[in-house]
1. Per-residue Cβ counts within 10 Å, from other chains only, averaged over B:38-50: what number is that?
2. For peptide B:70-76, compute the average count of partner chain beta-carbon atoms within 10 Å of each residue's beta-carbon.
3. Grab the DSSP H runs of chain A that are 4 residues or longer, score each as -39,500 (n - 2.57), total them, divide by all residues and round the 222 nm result to the nearest 500 deg cm²/dmol.
4. Going down the list A:97/B:144; B:144/B:182; B:76/B:191; A:99/B:195; B:144/B:191, which pairs span over 25 Å between their C-alpha atoms?
5. For Cα pairs less than 8 Å apart in space and 6+ apart in sequence, what is the mean separation divided by the residue count of chain B, i.e. the relative contact order in percent?
6. Cα axis of helix A:2-35 to longest principal axis of chain A: angle in degrees, 0 to 90, nearest 10?
7. Between B:116, B:35, B:220, where does the largest GNM mean-square fluctuation fall for chain B, given springs only between Cα atoms within less than 10 Å?
8. Would you mind getting me the FRET efficiency between residue B:267 and residue A:97? Use the beta-carbon distance for r and R0 = 45 Å, nearest 0.05.
Amino acid sequence: MKNDEQIESLEMRIAILLRWGVVGAGIFLACGILLHPAMGPNSFGSYHDYQQRSLGTYLSENNFSAPLLIAYAGLFWLISLPLIRVALTSFLFWRQKEKTLSMMALSVLGLLLISCALGLEI
Amino acid sequence: MSFFDLTSLSFLQIELFLMIISIGAGFLGALLGLGGGIIVVPVLTLCLGVHIRYAIAASLISIIATSSGAAAGFLKDRLTNLRLAVFLEVGTVSGAIIGFLISRWIQSSWLFLLFGGFLMFSALMMLRRREEILTTVSHPWAQKLRLSGDTYGVQQVPLGLFAMFGAGILSALLGIGSGIFKVMAMDMAMKLPMKVSSATSNFMIGVTASASAGAYLLRGDIRPEIAGPVALGIIFGSWIGARAMVRMPTQIIRQIFIVVLCIVSVQMIWKGFHS
């Protein structure tokens, strides 16, 4: 089971990388929120009702403001962390000659990318 | 309608308020072994009047943050069945895709009803006594893919995969990690030891949440003004909760929380019928 121990050890390194990734994403999010220009007192009231607007529409309505872009960069970074984990896991299994599991991880990555694309308005 | 009227507060005051509430949610979640979503979504919707679709989307972000941040901890104890996690993620991610597609068409009132039902189910699961029935016999798929552990077998693999598919649908629909369903599937159907089920489930939760979070983000449902303080607060609260756990009377808190879960469940169901 030396193979399994090696995989676990490498996976642990990936997990530590993820932890720092969360810290980085958190910093971007915090900066974006803190730099956000002061909104009117009723700004939060707009979240009582649901208005479907794509990300692009929302950003253009806010003139692609830098703080908003920074905050969204943090969100993209955060959401990409599990995808990165799965991609690295697939590579890990491939290196350890576990081709079936590697393909399985790769298919999970493919499904994740498809699911993200579902949010795009065509 | 909400318990707190935030419209008179400034933007930064609102963000601070959200973060404080989320710290509490993360703290409680860590103490009770529950994810943030089960607390965050009812608080955002019932107490703060945030629309449930924005609340669900924000909750998914907090799940990714806590899961990714804690992954090293899950692996350190060497309880996580990594091979099984990769295999089952095929089910959860597929389910999450379906869940997101359903969320486009489902009415918000149904989301409240589903969430209320899920809270009641969670309360019942917290009451149940867990009995471990371990086996060293494995399903042929588990043998072929070497999914079994050193001291346990993995049974009913197709059933487990199907259960993960269902857990993925709920994760995307309700903004939860579905850990409670995953643990139940691995424990009762696949006959894994409880600690292995919990560790493996926690390891998978972030991937499940990210499956729909990306779509919600592009659809514009994830707003940094809500998701940001919620995610940051939950990470911090979970960190404190994990350290405070040994000193807290967890059993008493657990019993109080079961009662609170039942009350909130009734409120969510009531809101579902009347919205």
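1. Mean inter-chain Cβ contacts per residue within 10 Å come to 1.
2. The mean count of partner-chain Cβ atoms within 10 Å per residue comes to 6.
3. -26000 deg cm²/dmol
4. Cα-Cα > 25 Å for A:99/B:195; rest within.
5. Relative CO of chain B lands at 38 percent.
6. For helix A:2-35, the angle is close to 10 degrees.
7. B:220
8. 0.25
No value in this document is a laboratory result; all are computed from the given coordinates. No experiment lies behind these values; they were computed from the predicted model shown. We place every Cβ from the backbone using ideal geometry, glycine too, and count neighbours over all the protein chains shown.
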